[in-house]
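*Asks:* This structure is in structure tokens; I'll ask about it shortly.
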Number of protein chains: 2
Amino acid sequence: MGYHHGNLRDALLDRAEQVLATDGVDGLSLRALARDLGVSHGAPARHFRDKQALLDALALAGFRRLEEALAACPGNWSDRLRGIARTYLDFAAANPALLAVMYDVKHHPEASDALRAEAERGLGQVVDAVRDGQRAGGVVDGDPGELATALFAAVHGVVQLALGNLLEPDETDRALVTVLTISLRGLSPSPGPARPAG
Amino acid sequence: MGYHHGNLRDALLDRAEQVLATDGVDGLSLRALARDLGVSHGAPARHFRDKQALLDALALAGFRRLEEALAACPGNWSDRLRGIARTYLDFAAANPALLAVMYDVKHHPEASDALRAEAERGLGQVVDAVRDGQRAGGVVDGDPGELATALFAAVHGVVQLALGNLLEPDETDRALVTVLTISLRGLSPSPGPARPAG
DNA sequence: ACTCCAATGTAGGCATCGACAACTTAGGTA
DNA sequence: TACCTAAGTTGTCGATGCCTACATTGGAGT
């Protein structure tokens, strides 16, 4: 532990994620991170040319962790779809500020590509489940990517409303269930009788 | 035009919305606004105690305009639901940065309440249409608020993905149509045969 | 084992910003 | 007409992001 830190980059990311969780993205400053790590205010620039570059790295790591969690959802296609939705919502609730950073608009172009690619892989989980659903006769014909995108978007909407504090926790849970119920029924080739919500 | 501007508050909001549209929320600074309006850097504080207070006012105005646009959607319940979705997406595409401010998490508590109330009124448009749909026999029984929230969330998800540049423009349009198709089919008491997407 | 260089960290400085405080102006009202 | 308060001004402070010039050091290549 002398002049050179040894692993500043990872240390910065770790600390940044802590700060993000406690103080939100506005509480995040490169200089404060440097202070926290006992390093000069110019050091972070050696690893992230920008503050945005750090946020991009944070976002990328977030997508990877999310995707990992989604991939761990077990069961048949229907279970997996519901599990993915639930897992996504839980992840968002546990890391609200991170999610905001992940979906932020102002990434650097290169990072933006990487982020899109990573998000695409996450969507892949949904596509696979939808395809399985089609094979099992539980999902209508049609481009699986198209259907999966729509399904993911619907869940994403609930998550975003929850993050924006526009839904109370209990409202959020009900909304997720309702969205899933409606969507899966809408996707079914032969929907059964409706079970009223509420 | 002397010492007192006369209508600084409105002027600030107007200019702020311009800057928001051109430079995004990061390009927005109270001092720059003051400069643009030929006023000292301390003047804005007389009308907005905070930068956040200005953003809150911007967000509130945005919700009002959005709601106004949504209320103007004509037709029967089905037309209105589709029109509302389209209008929402168009509004978002035309004012991406504004929408981000509207759904930002870090509002002042008082403003937050006002914003929630305004958003609630916007949702009211959807609730009304859903209720009409139920009366017309096109929507299943159940709490209209619950169903409307789910429907709005689904559309909101598409909008948010579009704003995050995770959907190309043409993908966005298709996703909106698919979400609506799936959701309205899922809401129907007796869904007809599926029409494959794509 | 020695040299050197590129990666990494330091130090200082600059422009900008948001917020605050003290002061000034003027428009409306008692 | 006097004044009082809303609105605007000026100055300042601390913090931040970013840039440039400089220092250190570990390790690659001989």
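No value in this document is a laboratory result; all are computed from the given coordinates. Keep in mind that what you see is a predicted model, and the values were worked out from it rather than measured. Don't worry about glycine lacking a Cβ; one is built from the backbone with ideal geometry, like all the others, and counts go over all protein chains shown.
*Asks:* What distance in nm separates the simple spin-label points at A:R135 and A:E120, each placed 7 Å from Cα in the Cβ direction?
*Replies:* 2.3
*Asks:* Provide the net charge surrounding B:H107, with neighbours chosen by a C-beta distance below 10 Å and charges set as Lys +1, Arg +1, Asp -1, Glu -1.
*Replies:* That sum, taken over residues with Cβ under 10 Å, equals -2.
*Asks:* Considering the protein assembly as shown, what Rg and Dmax in Å follow from its alpha-carbon atoms?
*Replies:* Final numbers for Rg and Dmax: 22.7, 75 Å.
*Asks:* Sort A:L30, B:L176 so that the residue with the fewest other Cβ atoms within 10 Å of its own Cβ comes first and the one with the most comes last.
*Replies:* Going from sparsest to densest Cβ surroundings: A:L30, B:L176.
*Asks:* Show that you can apply the helix-only estimate: for the protein assembly as shown, add -39,500 (n - 2.57) for every DSSP H stretch of four or more residues, divide by all residues, and state [θ] at 222 nm to the nearest 500.
*Replies:* Here the helix-only value at 222 nm equals -23000 deg cm²/dmol.
*Asks:* Please determine, in degrees from 0 to 90 and to the nearest 10, the orientation of helix A:109-135 with respect to the longest principal axis defined by the Cα atoms of chain A, where the helix direction is its Cα long axis.
*Replies:* That helix lies at roughly 20 degrees to the long axis.
*Asks:* Could I ask something else about it? Considering the zone a paramagnetic label at A:H41 would reach in this model (a point 7 Å from Cα along the Cα-to-Cβ line), which residues of segment A:4-32 have amide N under 17 Å from it?
*Replies:* From segment A:4-32, the list is A:27-32.
*Asks:* Additional query: What is the sum of charges, Lys and Arg at +1 and Asp and Glu at -1, for the other residues whose Cβ falls under 14 Å from the Cβ of A:E168?
*Replies:* -4
*Asks:* Apply the a/c threshold of 1.5 to the C-alpha gyration tensor of segment B:1-48 and tell me whether it is rounded, prolate or oblate.
*Replies:* prolate
*Asks:* Related question: Treating the point 7 Å from Cα along Cα-beta-carbon as the label, what are the nm separations from A:E68 to the other copies, to one decimal?
*Replies:* The answer, with the shortest distance listed first, is 4.9 nm.
*Asks:* Return the average number of partner chain Cβ atoms within 10 angstrom of each residue Cβ along peptide B:111-118.
*Replies:* For peptide B:111-118, the averaged partner shielding equals 1.
*Asks:* Follow-up question, since we're still on this one. Under a straight-distance cross-link criterion of Cα-Cα below 12 Å, which aspartates and glutamates are reachable from B:K51, leaving out those fewer than 8 residues away in the same chain?
*Replies:* Once the sequence-local aspartates and glutamates are set aside, what remains near B:K51 is B:D26.
*Asks:* If you line up the long axis of helix B:77-94 against the longest principal axis of chain B, both from Cα atoms, how many degrees apart are they, to the nearest 10?
*Replies:* With rounding to tens, the tilt is 30 degrees.
*Asks:* Oh, and also: Which order do A:D26, B:D128 fall in if you start with the one that has the fewest other Cβ atoms within 10 Å?
*Replies:* So the residues, fewest neighbours to most, are A:D26, B:D128.
*Asks:* Another question, then. Can you compute the FRET efficiency between B:D143 and A:D90 using 1/(1 + (r/R0)^6), with r the Cβ-Cβ distance and R0 = 25 Å? Round to the nearest 0.05.
*Replies:* 0.55
*Asks:* With 10 angstrom as the radius, rank A:Y3, B:Y103 by how many other C-beta atoms surround their C-beta, starting from the fewest.
*Replies:* A:Y3, B:Y103
*Asks:* Find every distance from the label point of B:S40 to the corresponding label point in the other copies (7 Å from Cα along Cα→Cβ) and write them in nm, one decimal, shortest first.
*Replies:* 4.0
*Asks:* Here is a further query. Using 1/(1 + (r/R0)^6) with R0 = 30 angstrom and r between the beta carbons of B:S29 and B:D113, what's the FRET efficiency to the nearest 0.05?
*Replies:* 0.65
*Asks:* Now for a different question. Test of understanding: extend the Cα→C-beta vector of B:R15 to 7 Å, then name every residue of segment B:44-88 with backbone N under 19 Å from that spot.
*Replies:* What the label zone holds, given the 19 Å backbone N cut-off, is B:44-59.
*Asks:* So, one more: Counting Lys and Arg as +1 and Asp and Glu as -1, what is the net charge of the other residues whose Cβ lies under 12 Å from the Cβ of A:V126?
*Replies:* Cβ neighbours under 12 Å give a net charge of -1.
*Asks:* If you take the Cα Rg of chain A and divide it by 2.2 N^0.38 Å, with N the number of residues, what do you get?
*Replies:* 1.21
*Asks:* Just checking the output field for A:140-148: average partner chain Cβ neighbours within 10 Å of each residue's Cβ?
*Replies:* Taking the mean over all residues of the peptide, I get 5.
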